[in-house]
Structure formats: structure tokens, C-alpha cells
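The structure appears right after this line, and notes come after that.
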Amino acid sequence: RPLAVGDVVRSGQFTGMSRKDLQFSKMLFNQICLWIILNIPNPCYLLYRTITMHDRKSSFSATVESFISNMSYLFIYLEFSLTFFVYTLSSSLFRHEFNRLIRHKILPRLPSNTTLRNNT
């Protein structure tokens, strides 16, 4: 079959993933790693609690288990708030778009603090 114009690749042209796709992949990978790290403690604690449900526990042991339970849920909620920081650290495209949003959408809405003086 004859070659169409779209089939020809110029020398030096990058034919793989675009820069944007590469950054999105990096952001996704970082987000998945963060999700795994911060969500593993809760199921482990729930499994432990299920296994030791019928054991007698001292007040100190119950307090420690309550603390661990609260911390495991804190990690889950922390994951949602860390998403912004993961995106900011892992993608220059996200940083650029975030800065553009701040400059063009938020800063123009702020009232100006300049005061005019009349030098008469």
C-alpha cells in the first residue's frame, strides 16, 4: 500500500508518550503509592481486631487499640488532603496550571490595598 502523509515520521520527532501524558502517569503512580501506604494500616488493624475480638484486654491494651484505630482512620483521611501536595511535587504541568489559576482567577478578585493621596 502506498504511504500516506500521516504515515511518515520526521527524524527527531518524539513518537512515544507526550510530556503531558508522562507527567499524568507520574502523578497517577505517586497517587497510587500514597494510597497503598496510607490505606494498608486500617485493614490490618480491622483484621487484628476481628481475630482478638473475644480476648480479654486490660484498660491499657484497649486504650492502645483505640489509639491505633484512630490513627489508621487518620491516615485514610490524610490521603485525601495530601493529593494536592503529591500533584504539586510530581508535576510541573500541574504547578504551572495552578500558578496560572491563582494569577488569573483569584488574585484579580482581591481588593486593592492601594490608597490614593492628594498632595495638595
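Taken together, the values in this text are just the output of simple stated rules run on the coordinates, not laboratory data. Just so we're clear, the structure is a prediction, and the values are computed from it rather than from any experiment. Don't worry about glycine lacking a Cβ; one is built from the backbone with ideal geometry, like all the others, and counts go over all protein chains shown.
Here are the numbers for the structure shown:
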| item | result |
| --- | --- |
| Order of Tyr48, Tyr87, Tyr77 - criterion: other Cβ atoms within 10 Å of each residue's Cβ, fewest first | Tyr77, Tyr48, Tyr87 |
| Overall form of the stretch 49-116 per C-alpha gyration tensor (a/c, 1.5; a/b vs b/c) | prolate |
| Neighbourhood net charge (13 Å Cβ-Cβ; Lys/Arg +1, Asp/Glu -1) for Ile68 | +1 |
